[in-house]
Structures are given as structure tokens and as C-alpha cells.
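The values are calculated or read from the model by the stated rules, or taken from the named source; none is laboratory data. What you are looking at is a predicted structure, and each value in this text was computed from that prediction instead of being measured. Quick reminder, even Gly has a Cβ in these numbers, built from the backbone with ideal geometry, and neighbours come from all protein chains shown. Note: areas computed on protein heavy atoms with side chains; ligands, DNA, RNA excluded. Shrake-Rupley method; radii C 1.70, N 1.55, O 1.52, S 1.80 Å.
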Amino acid sequence: MKRFFKSSFALLMTAGLLMLCGCSVKNIVQKDTVFALDTVIDLTVCAPDRKALTGAETALLNWEKKFSAADENSEIGKLNGGDPAALSAETLELLLDAVAIAEETDGAFNPALKPVVSAWGFLNGDYRVPPEEEIRTLLPLTDYRQILISDGQVFLPEGQQIDLGGIAKGWIGKKLAEDLSEAGVRSALINLGGNIHAVGTKPDGSFWRIGIKDPSGDGVAGVYLAADEAVITSGGYERFFEQDGITYIHILDPDTGRPAGSDLLSATVIGGDGTRCDGLSTALFVMGREKAVDFWRNRGDFDMILIMKDRILITEGIRDRFTPEGTDARSLEILTGSK
Ligand code: ADP
Ligand code: MG
């Protein structure tokens with residue numbers, strides 16, 4: 001009996017040590033960088049070989065091909081071209097998620113904004129400021145409540161088009177994280193151009209240290225300690241163009257069809273569901289501080305970091321996980337009072 005306890009104890013110790021070392025014995029840290037989804041993607045996977053890593057890369061290129069609104073041959077491209085031909089289960093799932101988030105955010109996140117996004121040139125890079133008249137004619141086409149989804153088929157009213165660019169990276173990152181976990185990976189970091197999905201912790205058992213970009217500088221505004229969750233940021237600094245001294249950002253206010261005049265410089269959403277985090281980060285940015293804080297207080301099922309010119313607001317659930325950094329010191333405000 002004594003010997004049994006002794007060996008059990010030794011086993012537990014070994015298991016503990018193995019867990020601490022994470023990537024020990026046969027697992028090693030595998031890394032790769034690919035350019036896809038119009039951004040730089042860094043994958044870090046702790047696994048015995050590169051199989052999980054290459055599998056993830058193939059999957060993400062495959063999803064990119066289905067979801068891109070800029071590619072008329074993608075599933076979304078065909079739908080936008082008036083062809084309601086069968087969408088794959090994955091595209092349908094993403095579209096349903098997008099519509100649900102549009103409903104939840106009262107249209108601040110709007111997947112039917114493509115005609116307006118295109119008019120500004122944000123889909124192909126041919127930037128321009130559309131005349132007010134043009135925006136006024138396009139806005140009635142962007143009512144997401146008119147997207148009809150029935151029996152796995154999607155029908156769009158004449159002229160309506162879908163752009164899932166504000167949510168697709170969240171969905172893809174979430175799926176990659178799920179697939180890696182299912183393949184037995186216990187430690188991985190998926191970085192889709194600053195949209196982060198953490199599988200487990202770092203191989204040594206410590207948190208992944210995620211730099212939250214300073215929206216008005218080159219460095220970071222703070223560091224967030226992540227484990228098993230998505231950390232997704234939307235900000236005007238990610239894509240924009242300038243004309244006649246005015247900066248036009250790629251996140252649009254669906255009410256006006258013009259770049260969101262947000263008092264936020266960036267909105268980071270942290271939670272278990274990467275798709276929702278991505279949709280919400282775009283929506284909260286559009287809402288601006290006051291509405292974003294109210295939205296969080298009414299839900300409380302996610303955490304957020306809102307960066308303004310002079311302040312960083314964080315929700316109380318992450319006060320021990322976020323540390324402001326950088327020389328450009330902003331004051332830190334802890335948000336409380338959620339449901
Ligand atoms: P990024 O893709 O740069 O990480 P977002 O997730 O905020 O940033 O998505 C921005 C993209 O979503 C834009 O490039 C555009 O294609 C689309 N978009 C812009 N405004 C909205 C909006 N209010 N709702 C939904 N999608 C939007
Ligand atoms: Mg988004």
C-alpha cells in the first residue's frame with residue numbers, strides 16, 4: 001500500500017512536472033507566419049511535429065477562399081453576385097453568427113454594409129470619399145433584417161450585399177483553436193493580425209503575454225495575460241486613408257455610412273467565443289465609450305479594454321490581468337456595475 005502511494009505520488013509529480021514544462025519530452029514549439037485574410041498571421045503550436053500547424057494553415061486558407069467579399073468567386077462573392085447557390089455549412093454558420101450579433105448590437109455591427117464599404121474602397125484599396133448623394137442611395141440597401149435565411153439557403157433583396165470582414169477572423173481563429181484542441185494540442189497561440197486566440201497557457205504553464213497596441217503610437221498601451229480565450233481588437237489605426245488632410249478609417253457607422261466618429265481609439269473584447277468578440281469589438285468601437293459601457297453593464301458576459309486619448313477603461317474582471325505600459329501614460333479606469 002505504502003509503495004502504491006509512493007509510486008502514485010511519483011506519478012503525480014511527474015505529471016505535474018510534465019504539465020509545467022508543457023512542451024516537454026516529445027512536444028516542441030512549432031511556429032509559422034503566413035500572409036492571409038489581408039494580414040500577417042502568426043501561429044505558435046506546441047506539438048510533436050508540424051502536422052497540426054500545417055493543418056491549421058490549410059484550413060484557414062480554405063476558409064478565406066469561402067468568406068472573402070472582395071473575391072467574386074468566393075461563396076460570399078457568389079451570393080453577392082445574385083447566386084443563392086448552396087452555401088457550405090461553415091459559411092452559413094458564420095452568416096448566422098453575424099446576423100445574431102447585428103441584432104444584439106442593434107446594427108452597430110452590420111454584415112450587410114458591403115455596398116457602403118465598397119464605395120469607400122475599403123474592400124479593394126481604391127480609396128475614395130463617396131459623394132453624400134451616393135451614400136444616401138446605398139444606405140437603404142444595408143438593412144441586415146432583410147437577409148432571409150431559410151432551410152440553409154440565403155436570399156438577399158435586390159442590391160443587398162454581405163461583408164463578413166468584421167467577424168470572419170474571429171470565427172476562423174475560434175475554429176482553429178477548437179481544431180487544435182481536438183487534435184490534442186494543449187498550448188497554442190493564434191495571432192491573426194493582432195486578433196488573438198489562446199489555446200491553454202504558454203508551454204511553461206504561465207499566461208500568454210498579449211501586447212495591446214497603442215493606437216496612437218508604435219508600442220503597446222498595455223499587456224494582457226491570456227489563457228484559453230480570445231482577445232480581439234478593433235481600431236481606426238488598423239486601416240485608413242487620408243485625403244485633403246482628413247483621415248478616413250475603415251470602421252463605418254452603419255447609421256451614416258461614414259467612418260465611425262468614435263471617441264474610442266480602440267476597443268478590445270476578451271471572451272470565450274472569438275466570433276462574438278470580433279463582432280462586438282467592431283460594434284463597441286462604433287458605439288463609442290458611453291454606449292459601449294452601457295452595453296457591457298447590461299450583459300457582463302465578456303471583458304473589454306477601451307482605449308481613449310487620455311484614458312484606458314478596463315472591466316473589473318480583468319483588473320489583475322491587464323497592466324498599462326508605455327511612456328504615453330493614460331490614466332486607468334476600472335469599470336464596475338455589470339449584471
Ligand atoms: P479588422 O478586420 O481590421 O480587425 P474589424 O473587425 O473591426 O477590424 O472589421 C473591420 C471591417 O469590417 C472593415 O474593413 C469592413 O470590411 C467591415 N466593417 C466596417 N464597418 C463595419 C460595421 N459597422 N459592421 C460590420 N462590419 C464593418
Ligand atoms: Mg471585428
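Of everything in segment 162-179 that's touching a strand residue (DSSP E or B) at 6+ places or on another chain (Cβ under 8 Å) and open to solvent by 10 Å² or more (accessible area, probe 1.4 Å), which residue is farthest from residue 83 (Cα to Cα)?
Taking the candidates together, the pick is 177.
Could you tell me which numbered condition residue 296 fails, if it satisfies all but one of (1) open to solvent by less than 60 Å² (accessible area, probe 1.4 Å); (2) more than 15 Å from ligand 1 (Cβ to nearest atom); (3) not in a helix (DSSP H, G or I)?
All conditions pass for residue 296, except number (3).
State whether the residues of segment 263-271 include one that is more than 22 Å from residue 38 (Cβ to Cβ), more than 13 Å from ligand 1 (Cβ to nearest atom) and either in a loop (DSSP other than H, G, I, E, B) or in contact with a Gly (Cβ under 7 Å, 6 or more places away or on another chain) (or both).
So far as segment 263-271 goes, yes, one or more of its residues are more than 22 Å from residue 38 (Cβ to Cβ), more than 13 Å from ligand 1 (Cβ to nearest atom) and either in a loop (DSSP other than H, G, I, E, B) or in contact with a Gly (Cβ under 7 Å, 6 or more places away or on another chain) (or both).
Given the residues 49, 83, which is the only one that is in a loop (DSSP other than H, G, I, E, B), without any contact (Cβ under 8 Å) to a residue 60 or more places away in the chain and open to solvent by 70 Å² or more (accessible area, probe 1.4 Å)?
Being in a loop (DSSP other than H, G, I, E, B), without any contact (Cβ under 8 Å) to a residue 60 or more places away in the chain and open to solvent by 70 Å² or more (accessible area, probe 1.4 Å) holds for just one of 49, 83, which is 49.
Considering 200, 152, 219, 159, which residue is among the small types (Gly, Ala, Ser), farther than 30 Å from residue 72 by Cα, out of contact with any Cys (no Cβ under 7 Å at 6 or more places or on another chain) and exposed (fewer than 15 other Cβ atoms within 10 Å of the Cβ)?
219
When you scan segment 299-316, do you find a residue that is loosely packed, with under 15 Cβ neighbours inside 10 Å, within 16 Å of residue 213 (Cβ to Cβ), of a type outside the set (Asp, Glu) and in contact (Cβ under 8 Å) with a residue 60 or more places away in the chain, even just one?
Scanning segment 299-316, I find at least one residue that is loosely packed, with under 15 Cβ neighbours inside 10 Å, within 16 Å of residue 213 (Cβ to Cβ), of a type outside the set (Asp, Glu) and in contact (Cβ under 8 Å) with a residue 60 or more places away in the chain, so the answer is yes.
Taking the condition open to solvent by 20 Å² or more (accessible area, probe 1.4 Å) and under 28 Å from residue 294 (Cα atoms), does residue 136 pass?
Judged against the criteria, residue 136 is not a match.
The rows are residues; the columns are (1) open to solvent by 10 Å² or more (accessible area, probe 1.4 Å); (2) of a type in the set (Phe, Trp, Tyr); (3) closer than 20 Å to residue 43 by Cβ.
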| site | (1), (2), (3) |
| --- | --- |
| 183 | yes, no, yes |
| 240 | yes, yes, no |
| 250 | yes, no, no |
| 255 | yes, no, no |
| 263 | yes, no, no |
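Can you tell me how many residues within segment 110-130 are outside any helix (DSSP H, G or I) and near ligand 1 (Cβ under 8 Å from one of its atoms)?
Residues in segment 110-130 being outside any helix (DSSP H, G or I) and near ligand 1 (Cβ under 8 Å from one of its atoms): 5 in total.
Would you be able to say whether some residue in segment 179-191 is of a type in the set (Ser, Thr, Tyr) and farther than 21 Å from residue 57 by Cα?
Looking through segment 179-191, none of the residues is of a type in the set (Ser, Thr, Tyr) and farther than 21 Å from residue 57 by Cα.
In this structure, does residue 228 turn out to be away from ligand 1 (no atom under 16 Å from the Cβ), surrounded by fewer than 21 Cβ atoms within 10 Å (Cβ to Cβ) and modelled with pLDDT of 95 or more?
It is true that residue 228 is away from ligand 1 (no atom under 16 Å from the Cβ), surrounded by fewer than 21 Cβ atoms within 10 Å (Cβ to Cβ) and modelled with pLDDT of 95 or more.
Would you mind listing the strands (runs of 3 or more DSSP E) fully within segment 147-256 where at least 1 residues are over 19 Å from the mean Cα position of the chain (by Cα), more than 16 Å from ligand 2 (Cβ to nearest atom) and not basic (Lys, Arg)?
Once the strands (runs of 3 or more DSSP E) in segment 147-256 are filtered for at least 1 residues that are over 19 Å from the mean Cα position of the chain (by Cα), more than 16 Å from ligand 2 (Cβ to nearest atom) and not basic (Lys, Arg), what remains is 148-150, 153-155, 240-243, 246-249.
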